[in-house]
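Read-outs throughout are calculated quantities, based only on the coordinates presented, and are distinct from any laboratory measurement. None of the values given here were measured: they were computed from a predicted structure. Cβ atoms come from the backbone with ideal geometry, glycine included; neighbour counts cover every protein chain shown.
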Amino acid sequence: MIARLIVSRLASFVGYTVATMTNPQLPEAPRAALQALVARITRDFPALSPRLQLAARRVLDRPEDVALKSMRALAGDAKVPPTTMLRLARAAGFPSYEAFRAIFQEALRTTGSDFVTRAQWLQRLPKGDGAAGVVGAMAAAVLMNIEAAFRNMDLAGLAAAADLLRASRRVYVVGVGGMHPIASYVHYVARMALPDVRLAEPAMAAMTDELADLAPEDAVVLLSVAPYATETVRAAEFAASRGAKLIVLTDSRTSPVASLATALILAPTATPLFFPSQAATLALLETLIALTVSHGDEAVLERIARIDRHRREQGIYWQKR
């Protein structure tokens, strides 16, 4: 499902050109018609009523759902009455919702959604010149990394890592160099669900200085992929010496930090370029946080609701006036 969603997103951007839609129902150019329709809805979005905006946002964010789901089901996802979907279709210039939906269905039939067609699409992309070749190679690497990560996932191990996070007194997140922005993201999201999550950001030279208070009742989420940072290995060794639980996300069982892990999560990072791809890393970390929340007690949900309410009351999240 994740791989299919990414294919859908990439298909919207790879070679994306906006054309004027003179006749949206022309069958000979279904993909161009869909692109033009998406461009039209995007252009008109600010002028739509709040309820129509909810419907339009769902259509723009999940165009594959328009083709695959009924009008009632899609309206339910958008949290609007089914008649709103009909109003959106008419606002886009269609006489009926069925005519509107047909554009999405025809585009889906043209691009294909089965595995064989997806494989053929990936094989063709890297053969292009210039930008198409680069984008195609990256698309193939990202999709294969994510698919391999979930196909080979140790589900019991990931669930055990989520249990460790919930049971720990304090959670530290460690990422050095290129892994630090990802560690920062994990810290930002996880602290909404867990009472004490800290991002290790050494003020001095040593990461171990940030972990000085580590104890056996604590956990460390440690991110490390090749080329492995020396400071990360030292942090892992220090955490292990303190008896803390070590949740390691790395790219290989032969990684210098893998043998120290209490819970090991493996993320493929293959890429045609000079830097490791972190798409699978992010996907697995988000899944870990989802497991932490879904298996948590009422206190976890109450904490998330409380933080969300605080941010909305303080105007941290933008809201249309």
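Which order do the peptides 235-248, 258-271 take when ranked by the mean count of other beta-carbon atoms within 10 Å per residue, highest first?
Values: 235-248: 21.1, 258-271: 19.1.
Going by the mean number of other Cβ atoms within 10 Å, highest first, we get 235-248, 258-271.
What fraction, in whole percent, of alpha-carbon pairs in region 148-297 exceed 25 Å separation?
On the way: 2156 of 11175 pairs.
Percentage above 25 Å: 19.
So how compact is region 215-321: Cα radius of gyration and Dmax in angstrom?
Considering region 215-321 through its Cα atoms, Rg and Dmax are 17.6, 54 Å.
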